[in-house]
1. Assuming LEU113 fulfils every condition listed in (1) under 27 Å from TYR26 (Cβ atoms); (2) surrounded by fewer than 16 Cβ atoms within 10 Å (Cβ to Cβ); (3) modelled with pLDDT of 95 or more apart from one, which condition is it?
2. Does ASP37 satisfy the criteria of being within 15 Å of the chain's Cα centre (by Cα), acidic (Asp, Glu) and modelled with pLDDT of 95 or more?
3. Do we have any residue at all in the range 162-177 that's hydroxyl-bearing (Ser, Thr, Tyr), assigned to a helix (DSSP H, G or I) and touching a residue at least 24 places away in the same chain (Cβ under 8 Å)?
4. So, in the range 1-34, of the ones that are buried (at least 18 other Cβ atoms within 10 Å of the Cβ) and either among the aromatic types (Phe, Trp, Tyr) or assigned to a loop (DSSP other than H, G, I, E, B) (or both), which residue ends up nearest to the chain's Cα centre (by Cα)?
5. Six or more apart or on different chains, Cβ atoms under 9 Å: show the pairs whose first residue is in the range 35-49 and surrounded by 13 or more Cβ atoms within 10 Å (Cβ to Cβ) and whose second is part of a helix (DSSP H, G or I) and hydroxyl-bearing (Ser, Thr, Tyr).
6. Do we find that PHE126 is surrounded by 14 or more Cβ atoms within 10 Å (Cβ to Cβ), in contact (Cβ under 8 Å) with a residue 40 or more places away in the chain and over 16 Å from the mean Cα position of the chain (by Cα) in this structure?
7. Of the residues that make up the range 22-33, is at least one touching a Lys or Arg at 6+ places or on another chain (Cβ under 8 Å), at pLDDT 95 or above, farther than 19 Å from LYS183 by Cβ and not assigned by TED's automatic domain parsing to the domain that holds GLN173?
Amino acid sequence: MSSIAVLVSGRGSNLQAIIDSIENGYLKAEISAVISDVEKAYALERARKHGIKAFFIDPRKFPSRELYEQEVLKVLIDNDVELVLLAGYMRILGKTLLEAYRNRILNIHPALLPAFPGLHAQKQAFGHGVKVAGCTVHFVDESLDGGPIILQRCVEVKEDDTAETLADRILEQEHKIYPEAVKLFVENRLCIEGRKVRIIS
């Protein structure tokens, strides 16, 4: 059974979607650790409610990102983690984690990449006047939201939408495709070929 760690900074609704998918039998995996850079992140509370080990690692206590990530990496290794999921984790990963978990880190982004990378993607898309928005699960590499794409889901932008209502509908789709992508990974059905991810049927 695959051992997963989830890195979080906020409320953790995508973490909850992964937890639910494990508990209902859709995902054959276990979450061995939830790690946050924010002490009061509600995601840590979600983890504790489900008996999952929850760790707050304060980046302010470390003089460099490398030393902070070494502490995160220690938790991952101590818990035999095979796959790392970013779920609303608001820090850019450095080479310490990227090299240790090359092609084993996934992220969910609330836009149809490569459009609208970075923060507030839903607001960016809404402000740009797009007719179709959505979300993307991708492998994490050195680029900002630029790693190979695994799954995407489209969300129609309605005439009466606000940035907030659009974000809510995108989030509903995030909760569906993130578990789907994790399932493909743990079943060894993803093959990275350059920029493309081939899904093995």
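1. LEU113 satisfies all of (1) under 27 Å from TYR26 (Cβ atoms); (2) surrounded by fewer than 16 Cβ atoms within 10 Å (Cβ to Cβ); (3) modelled with pLDDT of 95 or more except (2).
2. Working: within 15 Å of the chain's Cα centre (by Cα): yes; acidic (Asp, Glu): yes; modelled with pLDDT of 95 or more: yes.
Yes, satisfied.
3. Narrowing the range 162-177 to residues hydroxyl-bearing (Ser, Thr, Tyr): 162, 165.
With the extra rule that they be assigned to a helix (DSSP H, G or I), the set shrinks to 165.
Narrowing the set further to residues that are touching a residue at least 24 places away in the same chain (Cβ under 8 Å) leaves none.
No, the range 162-177 contains no residue that is hydroxyl-bearing (Ser, Thr, Tyr), assigned to a helix (DSSP H, G or I) and touching a residue at least 24 places away in the same chain (Cβ under 8 Å).
4. Residue satisfying both the conditions and the ranking: GLY12.
5. Pairs found: ASP37/TYR68; ALA43/SER13; ARG46/SER13.
6. Judged against the criteria, PHE126 is a match.
7. yes
Let's see how each residue does on (1) over 18 Å from GLY88 (Cβ atoms); (2) in contact with a Pro (Cβ under 9 Å, 6 or more places away or on another chain); (3) of a type in the set (Ser, Thr, Tyr):
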site	(1), (2), (3)
LYS123	no, no, no
PHE126	yes, no, no
GLY129	yes, no, no
THR136	no, yes, yes
GLY147	no, no, no
LYS158	yes, no, no
ILE177	no, no, no
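The values are calculated or read from the model by the stated rules, or taken from the named source; none is laboratory data. Note that the structure is a prediction, hence the values are computed from the model and not measured. A quick note on method: Cβ atoms are made from the backbone with ideal geometry, for glycine too, and the neighbour counts reach across all protein chains shown.
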